[in-house]
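Here is the structure we will look at.
The values are calculated or read from the model by the stated rules, or taken from the named source; none is laboratory data. Quick caveat, the model's predicted, so the values are computed rather than measured. Positions of Cβ are generated from backbone atoms using ideal geometry, with glycine treated the same way; all protein chains shown enter the neighbour counts.
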């Protein structure tokens, strides 16, 4: 059974946008941590997670070039929103910053799992990478909860907003 070319192109386009968005969220968080919020432990945690996101982003950047796929036209908007989300969540405190990571990673977990289940034998390498990246994202989610992410009280609203925004960005980036 073969994966349809257009479906694989959508996967790569959206995954590229998503991984780049994750890098931008962490850049926004680090901007807040380097300017306004002083928390060296949180900064170290975010810097470590950002390394994985950059690796993921680079893989999809290479796939886009190799396969001649157009990236989403909304990358500049996603960049801006990612930095803003990272910066804003960190200004709200460590719990909010870590919830931002947990909420995004929970959406990405389901998103990657769906792709893994839909990719066929003609895309073994891509599937292998997405499986590995999903494991990294699940690890980030676990770290976020260990470091204080919470969905209690008003944080539950923040969780829903971030998840809804992430899902909307995924749907749009698949098509545009």
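Summary of computed values
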quantity	calculated
Helices (runs of 4 or more DSSP H) completely within the range 92-176 that count 1 or more residues being touching a helix residue (DSSP H, G or I) at 6+ places or on another chain (Cβ under 8 Å) and free of Cβ contacts under 8 Å to residues at least 60 places away in the same chain	94-118, 124-146
Conditions (1) surrounded by fewer than 14 Cβ atoms within 10 Å (Cβ to Cβ); (2) under 16 Å from residue 85 (Cα atoms): number failed by residue 165	(1)
Members of the range 16-41 that are more than 14 Å from the chain's Cα centre (by Cα), under 18 Å from residue 82 (Cβ atoms) and part of a helix (DSSP H, G or I)	30, 31, 32, 33, 34, 35
Filtered residues of the range 59-83 (kept if surrounded by fewer than 14 Cβ atoms within 10 Å (Cβ to Cβ) and assigned to a helix (DSSP H, G or I))	62, 65, 66, 67, 76, 77, 80
Single residue of 44, 65, 24, 2 found to be in contact with a helix residue (DSSP H, G or I) (Cβ under 8 Å, 6 or more places away or on another chain) and modelled with pLDDT of 95 or more	24
Yes/no for residue 9 being modelled with pLDDT under 95, in a helix (DSSP H, G or I) and either surrounded by fewer than 16 Cβ atoms within 10 Å (Cβ to Cβ) or on the phi < 0 side of the Ramachandran plot (or both)	yes
